[in-house]
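Undergrad: Next up is a structure, given as structure tokens.
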Amino acid sequence: MHQVEIATTQNTLLDSPQMTLNMGPQHPSTHGVLRVILKLDGETVIDLDCDIGYLHRGMEKIAENRMYNMIAPYWDRLDYIAAVSNGLVWVETVEQMMGLDVPKRAHYIRTILTELNRIASHLLWLGTHALDIGAVTILLWAFREREEILKIFERQFGARLTCHAWRIGGMPNDAYDDFESDVRQFIHNFPNRLDEYETVLNENRIWLSRTVGIGVISGEDAIAIGLSGPALRGSGVAWDIRKARPYAAYGDMDFDVPLGENGDTYDRYLVRMEEMRQSRRIIQQAIDNLPGGPVNAKVPKLIKPPVGDYYHSIEGPKGEIGCYLVSDGTQQPWRVRVRPPCFINLQALKRLSIGHLVADVVAIIGTLDIVLGEIDR
Amino acid sequence: MALIALLAAPNFIDTLLLKFFSEQTVNYVIWPFIQVGAVVTITAGWVAYATYLERKISAFIQARLGPMRVGPWGLLQPIADGLKLLVKEDFIPENADRWVFFVAPYIAVVAAFVVMAVVPFGPDWAVITDVNIGVLFVLAVSSVGVLALILAGWSSNSKYALLGALRSSAQMVSYEVSMGLAIIGALMFGRTLSLSGIVGAQASDSIWFLLYQPVGFVIFLISGIAENNRAPFDLPEAESELVAGFHTEYSGFRWSLFFMAEYAAMVVVTAVATTLYLGGWYFPFVYRLTEAKGYHNAYVVVSLIVFLAKAGLLLYLYFWLRWTLPRFRYDQLMDLGWKWMLPAALINIVVSAIGVGTLQGLDGWHGMDTIRSVTSGLGLTPTGKVIAIAFGVANLFLTAGILSLINWRSRDFNLKKQRSKIRLVDLPKGKPAVAPVAVSEP
Amino acid sequence: MPLVPVPKPTLTQKLKRFFMVDLLKGLGLTLRFNLGALTSSDSVAGKGIYTEQYPKVRPDVAPRFHGAPRLNMDPETHDTLCIACNLCALACPEDCIDVIPMDVEVVVAGKPRRKKVLDEFIFDTSRCMFCALCQEACPTYCLELTQDFELATYSRAGFVWNREMLEQGRETVKYES
């Protein structure tokens, strides 16, 4: 742990004044339009404040004026990297509120594509995190893998990034013709690639000295703040919604949950790398056992969930993404509230960064894996 | 035929010039000008195409293509870049110190290019001037480049540029110390400060000083890379840091001068490393095949190509390191310079001195013959060479031991075992998330 | 201060540390990529080059791609398939479709009837999110999102497409290779 003593000298000539530094909204390393106001003593961070809202688009307000099936394309744009997961949480919330019975094949295909999206999101995280710390090559390699996943998405959904993936009650189209062979080819090649990334980074002394002991948070503190996802599991807390409250086809899947120990940046890195391997395992099982049948439930002509409120959350790549839906019985929801994992994870930034150097703040923002689309909505 | 004509050209030009000027003018005024022109052109071309090579090599490492559009295979890309930078708007920040702002990039470029005056590209006429304090000249002039950094940061009138400049210059100065000390080991075997003399020592002994001084070579290279602010030591100018460092406020042609100065400094470090450790323009069998048969100019040209190839390999090392390794944080960087490089350089001097002393002591002892001559460097017999190489290898292990001893308490040294393996847990499955039939009232 | 206890490193570990084995492993992999880029051709599983040199080489776009909208015509009568039902405009979350119908007189079984046909169809591609809800809503498979993704224009007005542009599509610029 990087211990820092802030000098308390009586000699006023030596006391350097604190500097306020603005890592502005336009910055190559703040993964979106995040403004971080740092108070520095020399190079050590004493205080940190985040200024968000640069990407606020009023999603929740927009949702109040749209019909339930029209809201799904907007939900892709929350965490635009994990659009498929966002679509899934919306669709599942409405389906469960209405009591629809989604067929098993749809659940399996949803699982496969959501796990592919998890791998894609983690690859982007890996690329940008390594880029910030200086290993540029990993970014390009990770994007090459991502490209394969996005091709599968394009062939299945029609769009690469903001796929309007799911419909209420199932899927718009069945899996395309080459779906199984494409997915199998991807998961065949993928472990080699992961080994390549780990060869360059895992034992690398420069990577270790930039990430071990940086941004440490203990398990109790993590639960107190409300962290979720790999940020929580890196601190050793065993909580994964895919296991605790299985949704889609996760109840049938057999996989492990990686847990870190120290709660530092390196552990979160290892947890996410291992999660990619476990995702691959889930996809392998799902594609081997893919059932036949319809992909759509019987859905009423007009989607009007019963009056009441409902909360449903899934394990997105960045954490627990949830949707709290209050319905007044009409075709448009009364209120929709997103439980944004990145927003809640970002609250830990101050606690993680104080005492570290400025160069570490960049690494910590990277390890929390934030996407401003979700933070600002 | 054309090649032979080319190789005969110097003689032809020489005779032509002697018709018009006195011999003294030709030898001391005109030829130096021609050499300077040639070297500056070659270096500037080398620098420009080093940028092209960097882009291509980085692209191949990253499974992409690099510049492909401008010219065949993108070969005209540096020219396109240069033209673009020339036509950019040239503005100066409002309260900047104008004259200092103008001068700083030029100082950087000049400091990097002037060093090429003493670097021996080949024997005989392929070195502009063979100053007999060549090594000292190189170290002194390349230090002038640091001044340019500070002037640039100061004159920009920007808080962040100044901080970046101070950090860059502190880093460069720290690594210059170990760079200078690392050279001393090679000098003990070369017995002269003149760069041509050192190459001559390696040539006459048919050895590369790399074999006597592996530690020195490594220290020199690492310090050289840190000198040039190149990855993995490029935090002061990395974009993910606060600013672009000292050249934040520079744009257009002035920025391109800094860029050229950085690449020229890279070429200087690789050239000096080649000269000191990799045998410079010497390569076995070249002398026998060319000079001994009377083809003097061919000898020089082939030696020139050998030198450029060796320097090119070291330049590839620069690019390779940049695109593989992450960046050091600034405090880790300074830690490396003062607590690892400097003690290693000092240990290198001590062990090399003991090695040379042993060689001199063993000479003539019980009929063992280690030193052959001391005219052109420390000429050693094969026995002597074996002893010297053994000292070089022992130096490696000794340095490893002492450095671990000095740094055993430091945080970064203990990381490898500090990191834990993550554990895979198969959590018990909970109840699936299904909707209750009746939902609560809002 | 380490957070987990630090066991003493063994001699092998010390040697590996001194000879920078961890860095050399990473460097070896990058070197293999560099050489592979020059020799290998497998870019998915191997180390070949993965670049697609757009615009010389056009990408293979999937059949389901949500690209530029198009109003399909009946191949036999060369008449539009659109029946001006307005379902696409109602389905659009962004209100970027405007269907303007008109009444025409037709004679059906000897009796004059008024039939609603399409007069003008305005589609604002700048507001469109390419969610394909309109394509799903269309009952006659008239409105379709094609594989065209090059939608840039030189003016804001160029984004608003009328019926003629939707029926004929846009020309793609061919680049010389």
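Undergrad: In this structure, does A:VAL183 turn out to be assigned to a helix (DSSP H, G or I) and farther than 21 Å from B:LEU336 by Cα? Give the derivation first.
TA: Details: assigned to a helix (DSSP H, G or I): yes; farther than 21 Å from B:LEU336 by Cα: yes.
Against the criterion (assigned to a helix (DSSP H, G or I) and farther than 21 Å from B:LEU336 by Cα), A:VAL183 qualifies.
Undergrad: All but one of (1) crowded, with 20+ Cβ neighbours inside 10 Å; (2) without any contact (Cβ under 8 Å) to a residue 12 or more places away in the chain hold for A:LYS61; which doesn't?
TA: Among (1) crowded, with 20+ Cβ neighbours inside 10 Å; (2) without any contact (Cβ under 8 Å) to a residue 12 or more places away in the chain, A:LYS61 violates only (1).
Undergrad: If you don't mind, there's one more thing I want to ask. Provide a single number: the residues in the stretch C:146-177 that are loosely packed, with under 14 Cβ neighbours inside 10 Å, part of a loop (DSSP other than H, G, I, E, B) and charged (D, E, K, R).
TA: Residues in the stretch C:146-177 being loosely packed, with under 14 Cβ neighbours inside 10 Å, part of a loop (DSSP other than H, G, I, E, B) and charged (D, E, K, R): 5 in total.
Undergrad: Then there is this: Take the stretch A:206-224 and flag every residue that is part of a helix (DSSP H, G or I) and surrounded by 19 or more Cβ atoms within 10 Å (Cβ to Cβ).
TA: Step one: list which residues in the stretch A:206-224 are part of a helix (DSSP H, G or I), which gives A:206-211, A:219-224.
Within the stretch A:206-224, A:ILE206, A:TRP207, A:LEU208, A:SER209, A:ARG210, A:THR211, A:GLY219, A:ALA222 meet the criteria.
Undergrad: Hey, another quick one. Return a yes/no flag: does the stretch A:198-210 have any residue that is facing chain B (nearest Cβ under 9 Å), in contact with a Gly (Cβ under 9 Å, 6 or more places away or on another chain) and closer than 24 Å to A:LEU88 by Cβ.
TA: No, every residue in the stretch A:198-210 fails to be facing chain B (nearest Cβ under 9 Å), in contact with a Gly (Cβ under 9 Å, 6 or more places away or on another chain) and closer than 24 Å to A:LEU88 by Cβ.
Undergrad: Does at least one position in the stretch B:158-168 carry a residue that is surrounded by fewer than 24 Cβ atoms within 10 Å (Cβ to Cβ), of a type in the set (Gly, Ala, Ser) and within 28 Å of B:PHE307 (Cβ to Cβ)?
TA: no
Undergrad: Conditions first: (1) modelled with pLDDT under 85; (2) in contact with a helix residue (DSSP H, G or I) (Cβ under 6 Å, 6 or more places away or on another chain); (3) not small (Gly, Ala, Ser). C:ARG58 passes all but one, so which condition is the exception?
TA: (2) is the only condition that C:ARG58 fails.
Undergrad: Check whether at least one residue in the stretch A:236-249 is modelled with pLDDT under 90, on the phi > 0 side of the Ramachandran plot, over 22 Å from the mean Cα position of the chain (by Cα) and surrounded by 18 or more Cβ atoms within 10 Å (Cβ to Cβ), and report yes or no.
TA: No, the stretch A:236-249 contains no residue that is modelled with pLDDT under 90, on the phi > 0 side of the Ramachandran plot, over 22 Å from the mean Cα position of the chain (by Cα) and surrounded by 18 or more Cβ atoms within 10 Å (Cβ to Cβ).
Undergrad: Do you know which of the residues in the stretch B:273-306 that are in a helix (DSSP H, G or I) and within 14 Å of the chain's Cα centre (by Cα) is surrounded by the fewest Cβ atoms within 10 Å (Cβ to Cβ)?
TA: B:ALA273
Undergrad: Every residue in the stretch A:313-368 that is among the charged types (D, E, K, R), within 14 Å of another protein chain (Cβ to nearest Cβ) and touching a residue at least 60 places away in the same chain (Cβ under 8 Å), please.
TA: Of everything in the stretch A:313-368, those that are among the charged types (D, E, K, R), within 14 Å of another protein chain (Cβ to nearest Cβ) and touching a residue at least 60 places away in the same chain (Cβ under 8 Å) turn out to be A:GLU315, A:GLU320, A:ARG335, A:ARG337, A:ASP360.
Undergrad: Select, from B:GLY185, B:GLY145, B:GLY180, B:GLY134, the only residue that is modelled with pLDDT of 85 or more, surrounded by fewer than 21 Cβ atoms within 10 Å (Cβ to Cβ) and either in the same structural domain as B:PHE283 (by TED's automatic domain parsing) or not hydrophobic (A, V, I, L, M, F, W, C) (or both).
TA: B:GLY180
Undergrad: Moving on. Whether any residue in the stretch B:329-340 is within 14 Å of chain A (Cβ to nearest Cβ), modelled with pLDDT of 70 or more and not in a helix (DSSP H, G or I) is what I want to check.
TA: Within the stretch B:329-340, one or more residues are within 14 Å of chain A (Cβ to nearest Cβ), modelled with pLDDT of 70 or more and not in a helix (DSSP H, G or I).
Undergrad: Let me spell it out: the conditions are (1) at pLDDT below 85; (2) within 14 Å of another protein chain (Cβ to nearest Cβ), and B:GLY190 meets all of them except one. Which number is the exception?
TA: (2)
Undergrad: Is there any pair with a first residue in the stretch C:26-39 that is on the phi < 0 side of the Ramachandran plot and more than 7 Å from chain B (Cβ to nearest Cβ) and a second that is surrounded by 20 or more Cβ atoms within 10 Å (Cβ to Cβ) and not in a helix (DSSP H, G or I) whose Cβ atoms are under 7 Å apart and which are 6 or more apart or on different chains, and what are they?
TA: Qualifying pairs under 7 Å: C:ARG32/C:LYS47; C:GLY36/C:LYS47.
Here's the yes/no breakdown for (1) of a type in the set (A, V, I, L, M); (2) under 15 Å from the mean Cα position of the chain (by Cα); (3) in a helix (DSSP H, G or I):
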position	(1), (2), (3)
A:LYS61	no, no, yes
A:MET70	yes, no, yes
A:LEU78	yes, yes, no
A:VAL91	yes, no, yes
A:ASP101	no, no, no
A:ALA106	yes, no, yes
A:THR114	no, yes, yes
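Undergrad: Kindly check whether there is at least one residue in the stretch B:37-55 that is surrounded by 14 or more Cβ atoms within 10 Å (Cβ to Cβ), more than 30 Å from C:LEU38 (Cβ to Cβ) and within 30 Å of the chain's Cα centre (by Cα).
TA: yes
Undergrad: Also, I was wondering about something else. Can you say whether B:ILE61 is surrounded by 15 or more Cβ atoms within 10 Å (Cβ to Cβ) and either among the β-branched types (Val, Ile, Thr) or in contact with a Leu (Cβ under 6 Å, 6 or more places away or on another chain) (or both), as far as the supplied structure shows?
TA: So B:ILE61 fits the description; yes.
Undergrad: Just checking, which of A:ARG335, A:ARG272, A:ARG280, A:ARG268 is within 26 Å of the chain's Cα centre (by Cα) and farther than 30 Å from A:GLY234 by Cβ?
TA: On inspection, the qualifying residue turns out to be A:ARG335.
Undergrad: I'd like to know if the stretch A:245-252 contains one or more residues that are within 13 Å of chain B (Cβ to nearest Cβ), among the charged types (D, E, K, R) and within 29 Å of A:ILE138 (Cβ to Cβ).
TA: no
Undergrad: On the basis of being within 29 Å of B:TRP255 (Cβ to Cβ), surrounded by fewer than 23 Cβ atoms within 10 Å (Cβ to Cβ) and under 16 Å from the mean Cα position of the chain (by Cα), does B:GLU94 make the cut?
TA: Spelling it out, it is not the case that B:GLU94 is within 29 Å of B:TRP255 (Cβ to Cβ), surrounded by fewer than 23 Cβ atoms within 10 Å (Cβ to Cβ) and under 16 Å from the mean Cα position of the chain (by Cα).
Undergrad: A follow-up question, please. Answer with yes or no whether A:SER218 is under 22 Å from A:PHE343 (Cβ atoms), touching a residue at least 40 places away in the same chain (Cβ under 8 Å) and within 13 Å of chain C (Cβ to nearest Cβ). Give the steps one after another, and end with the answer.
TA: Details: under 22 Å from A:PHE343 (Cβ atoms): yes; touching a residue at least 40 places away in the same chain (Cβ under 8 Å): yes; within 13 Å of chain C (Cβ to nearest Cβ): yes.
For A:SER218, the condition - under 22 Å from A:PHE343 (Cβ atoms), touching a residue at least 40 places away in the same chain (Cβ under 8 Å) and within 13 Å of chain C (Cβ to nearest Cβ) - is met.
Undergrad: Right, A:LEU232: part of a loop (DSSP other than H, G, I, E, B) and under 19 Å from the mean Cα position of the chain (by Cα) or not?
TA: no
Undergrad: Out of the residues in the stretch C:91-107 that are in contact with a Cys (Cβ under 8 Å, 6 or more places away or on another chain) and part of a strand (DSSP E or B), state the one that is farthest from the other protein chains (Cβ to nearest Cβ).
TA: Within the stretch C:91-107, the first condition is being in contact with a Cys (Cβ under 8 Å, 6 or more places away or on another chain), and the residues that meet it are C:91-94, C:96-97, C:99.
With the extra rule that they be part of a strand (DSSP E or B), the set shrinks to C:97, C:99.
Working: C:ILE97: 13, C:VAL99: 17 Å.
Looking at residues that are in contact with a Cys (Cβ under 8 Å, 6 or more places away or on another chain) and part of a strand (DSSP E or B), I get C:VAL99.
Undergrad: Next question, about the same structure. Please find, within the stretch A:158-197, the residue that is surrounded by the fewest Cβ atoms within 10 Å (Cβ to Cβ) out of those that are of a type in the set (Phe, Trp, Tyr) and more than 11 Å from chain C (Cβ to nearest Cβ).
TA: Restricting to residues being of a type in the set (Phe, Trp, Tyr) and more than 11 Å from chain C (Cβ to nearest Cβ), the top hit is A:PHE179.
Residues checked against (1) part of a helix (DSSP H, G or I); (2) not aromatic (Phe, Trp, Tyr):
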position: A:LEU123; (1), (2): yes, yes
position: A:LEU131; (1), (2): yes, yes
position: A:ILE138; (1), (2): yes, yes
position: A:TRP141; (1), (2): yes, no
position: A:ARG144; (1), (2): yes, yes
position: A:PHE153; (1), (2): yes, no
position: A:ARG160; (1), (2): no, yes
position: A:CYS163; (1), (2): no, yes
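Undergrad: Which residues, counting only those in the stretch C:108-145, are away from every other protein chain (no Cβ under 11 Å) and either touching a Gly at 6+ places or on another chain (Cβ under 9 Å) or in a loop (DSSP other than H, G, I, E, B) (or both)?
TA: C:ALA109, C:GLY110, C:THR125, C:SER126, C:ARG127, C:CYS138, C:PRO139, C:THR140, C:TYR141, C:CYS142
Undergrad: Ok, one more. One residue is enough: does the stretch B:64-73 have a residue meeting the conditions assigned to a helix (DSSP H, G or I), at pLDDT 90 or above and loosely packed, with under 14 Cβ neighbours inside 10 Å?
TA: no
The values are calculated or read from the model by the stated rules, or taken from the named source; none is laboratory data. Every value quoted in this text rests on a predicted model; they were computed, and no experiment measured them. Note that we place each Cβ from the backbone using ideal geometry, even for glycine, and neighbour counts take in every protein chain shown.
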